[in-house]
C-alpha cells in the first residue's frame with residue numbers, strides 16, 4: 001500500500017464528520033503534528049540521539065505547504081519551533097533555582113525563550129508557503145529558507161545559535177566532519193535538505209519524481225557520511241610537548257556564593273592545581289568564574305588567594321583562570337566597567353606571578369551578564385527582579401592571546417563556544433582553543449552535555465584542539481576532529497584533573513579559509529534552482545495572455 005493510500009484510509013473517518021467538527025478535528029491534528037515535528041527534531045540531538053526524529057523536518061514542510069495561507073504556515077512553524085526549543089532549552093529554568101528568590105521566574109524562562117526562538121521557524125515556514133513551487137524541487141527552497149532563518153537566529157540581537165539542525169549529529173562522528181567544509185550551518189543545510197527530500201513521498205505528483213527526490217536526499221547524506229569517514233580514516237592524532245591540566249573542582253552553583261564556602265572553594269582549586277603529576281603541566285586551566293571573587297580581591301597586595309596561587313603553581317607554569325575584572329571608567333554610572341575575563345598568570349619563579357594576558361568575554365549572555373535596554377529596564381524595576389546590580393561590558397572581537405612557554409590560544413568563555421567564526425581559521429590562527437565555561441548553573445540536565453557537543457563543532461570547523469574546563473562537568477580535551485581524547489573527560493559531579501598532552505592542530509580547513517561563504521553560496525543556488533520553474537512560468541505568462549487576446 002502506498003503512503004498516499006495509507007493517509008487516505010486514516011483520514012476517511014474525519015472526512016465523514018459534519019463540516020464544523022471536521023474543521024476542528026483537522027485543526028487539532030495539525031497542531032499536534034506541528035508539535036510532534038518540533039519535538040522529534042529536538043530529540044535527534046545529543047544526548048537523546050533519536051535520529052528518526054529528523055523526520056520532523058519533512059513533516060513540517062508538508063504542514064507548511066498544506067496551510068491555506070502563509071499566516072497558517074507561520075503558526076505551524078512557530079508551534080514546531082516552540083516544541084523544539086522547549087525540549088532543547090528547558091535547562092535554562094534550572095539556573096533560576098540557584099537563587100530561591102528567582103525560582104518563580106523559572107516557568108517563564110522555560111516558556112518565553114522557546115516562544116521567542118520559535119518566531120524564526122514561523123517566519124521560515126510563512127515565507128516558504130508564499131513562494132513554494134510545485135514538484136520535488138520545493139525541498140531545496142524549504143531547506144534554504146529554514147537554514148537562512150537559523151543563521152539569522154544565530155546573529156540577530158547577538159544571536160543564540162543553540163542546537164542548529166546540523167548539530168543533530170554527534171560531534172566527532174562521520175557526518176559531523178562536513179562542518180570542516182561548510183561549518184555547522186552548511187551541515188544544517190545538507191541535513192535538512194537530505195531528510196526533507198523524503199517529504200514528496202507523501203503527496204501528489206508522479207511517482208518517479210517523488211522517488212528520485214528521496215533517493216537524491218539519501219545519496220546526499222550518504223555522500224556526506226562517506227566524506228566524513230574518509231576524513232576520519234586519514235586523521236592521525238599527534239601530540240605536542242605541551243601538557244595541559246584541566247581542573248574540575250565540582251563546585252555547585254548553589255553553594256558557590258556563600259561566604260562560609262569561599263575559602264574551601266579556593267583551597268580546593270589550589271589543591272587540585274598543585275596535585276603531583278608524572279610530568280609537570282605547562283598550562284593549568286580553571287573554569288569561567290572559577291573563584292567567587294574579583295581581580296582586585298585576588299591580586300591585592302597580601303591577599304591570601306594570590307599567595308595561595310603562587311604556592312600552587314611551579315616556576316614556568318601558566319594558569320588560565322576565569323575571574324571578574326573591573327576597570328575605572330568615568331563614563332560608567334558607578335565609575336567602573338566590569339568584564340567576565342580569563343587571566344593568564346605566569347609564575348616567574350623568584351619574581352612571583354605576572355599577568356601575561358587578559359581576555360575579556362565578547363559575547364555576553366542577555367539577562368545573565370547584561371540587561372538589554374538596561375536604562376529602561378532599571379527604570380521599570382526589572383533589574384531588581386533579575387538581581388543584576390550592574391552589567392558586564394563586552395570585550396573586543398575575540399582574538400588569540402600569547403602564553404609564555406606555550407602555544408598561542410584562542411579563549412572562548414562559556415557560550416562563546418556556540419558561535420562559529422570566533423576563532424581565526426587561517427591568518428593569525430592559534431594552536432588551540434580553551435573553552436572556560438560555567439555549566440554548573442544547569443546542574444545535571446541535558447544542557448551541559450549539549451554544550452559539549454556544540455563546542456566540539458568549533459574543533460571540527462577550525463581543525464584545532466579544545467581544552468574545555470567547567471566547574472561541575474563536562475570537562476574534556478577534544479581533538480581537532482571533534483572527538484574526546486581517550487580518557488580525557490570528567491563527567492558531571494566528578495572532582496579531579498585531566499593531565500593531557502595538547503594535540504597538534506590539523507591542517508587549515510576549508511571552513512577556516514572561507515567561513516560561511518560556501519554556506520551562503522549554497523543558499524543562493526538552492527533558492528535559484530527551486531524558484532526557476534516558478535520564474536519560468538511567470539516569464540511565459542505575458543505571451544500566453546497576449547496570444548489569448550489576439
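Every condition in (1) farther than 20 Å from residue 51 by Cβ; (2) touching a residue at least 24 places away in the same chain (Cβ under 8 Å) holds for residue 234 except the one numbered (2). Selection over region 157-179 of residues that are within 17 Å of residue 463 (Cβ to Cβ) and surrounded by fewer than 24 Cβ atoms within 10 Å (Cβ to Cβ) gives a count of 3. Evaluated against (1) outside any loop (DSSP other than H, G, I, E, B); (2) out of contact with any helix residue (DSSP H, G or I) (no Cβ under 8 Å at 6 or more places or on another chain), residue 279 falls short on exactly one condition, (1).
So is residue 334 under 26 Å from residue 433 (Cα atoms), modelled with pLDDT under 90 and assigned by TED's automatic domain parsing to the domain that holds residue 244 or not? No.
Looking across region 405-421 at every residue that is modelled with pLDDT of 95 or more and in a loop (DSSP other than H, G, I, E, B), the one that is surrounded by the fewest Cβ atoms within 10 Å (Cβ to Cβ) is identified as 419.
For residue 300, the test of being surrounded by fewer than 14 Cβ atoms within 10 Å (Cβ to Cβ), outside the structural domain of residue 343 (by TED's automatic domain parsing) and either without any contact (Cβ under 8 Å) to a residue 24 or more places away in the chain or within 30 Å of residue 509 (Cβ to Cβ) (or both) is failed. Considered as a group, the residues in region 18-73 that are assigned to a loop (DSSP other than H, G, I, E, B) and in contact with a helix residue (DSSP H, G or I) (Cβ under 6 Å, 6 or more places away or on another chain) include one that is farthest from residue 184 (Cα to Cα), and that residue is 67.
Tallying residues that are over 15 Å from residue 433 (Cβ atoms), within 19 Å of the chain's Cα centre (by Cα) and touching a residue at least 60 places away in the same chain (Cβ under 8 Å) within region 464-502 yields 1.
The rows are residues; the columns are (1) within 20 Å of residue 401 (Cβ to Cβ); (2) part of a loop (DSSP other than H, G, I, E, B); (3) in contact with a strand residue (DSSP E or B) (Cβ under 6 Å, 6 or more places away or on another chain).
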position: 333; (1), (2), (3): no, yes, no
position: 342; (1), (2), (3): yes, no, yes
position: 354; (1), (2), (3): yes, no, yes
position: 363; (1), (2), (3): yes, yes, no
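Listed residues 323, 319, 272; which is modelled with pLDDT of 90 or more and in contact with a helix residue (DSSP H, G or I) (Cβ under 6 Å, 6 or more places away or on another chain)? Among 323, 319, 272, only 323 is modelled with pLDDT of 90 or more and in contact with a helix residue (DSSP H, G or I) (Cβ under 6 Å, 6 or more places away or on another chain).
Taking the criterion of being under 17 Å from residue 430 (Cβ atoms) and in contact with a helix residue (DSSP H, G or I) (Cβ under 7 Å, 6 or more places away or on another chain), the residues of region 483-514 that qualify are 509, 511, 512. Residues in region 455-464 that are out of contact with any strand residue (DSSP E or B) (no Cβ under 8 Å at 6 or more places or on another chain) and assigned to a helix (DSSP H, G or I): 457, 460, 461.
Is it fair to say residue 219 is in a helix (DSSP H, G or I), within 30 Å of the chain's Cα centre (by Cα) and free of Cβ contacts under 8 Å to residues at least 40 places away in the same chain? Spelling it out, residue 219 is indeed in a helix (DSSP H, G or I), within 30 Å of the chain's Cα centre (by Cα) and free of Cβ contacts under 8 Å to residues at least 40 places away in the same chain. Inclusion of residue 378 among residues that are over 20 Å from residue 511 (Cα atoms) and modelled with pLDDT under 95 is warranted.
Scanning region 291-316 for residues being at pLDDT 90 or above and touching a strand residue (DSSP E or B) at 6+ places or on another chain (Cβ under 6 Å) gives a total of 3.
The values are calculated or read from the model by the stated rules, or taken from the named source; none is laboratory data. Model, not experiment: these values are computed from the prediction. Positions of Cβ are generated from backbone atoms using ideal geometry, with glycine treated the same way; all protein chains shown enter the neighbour counts.
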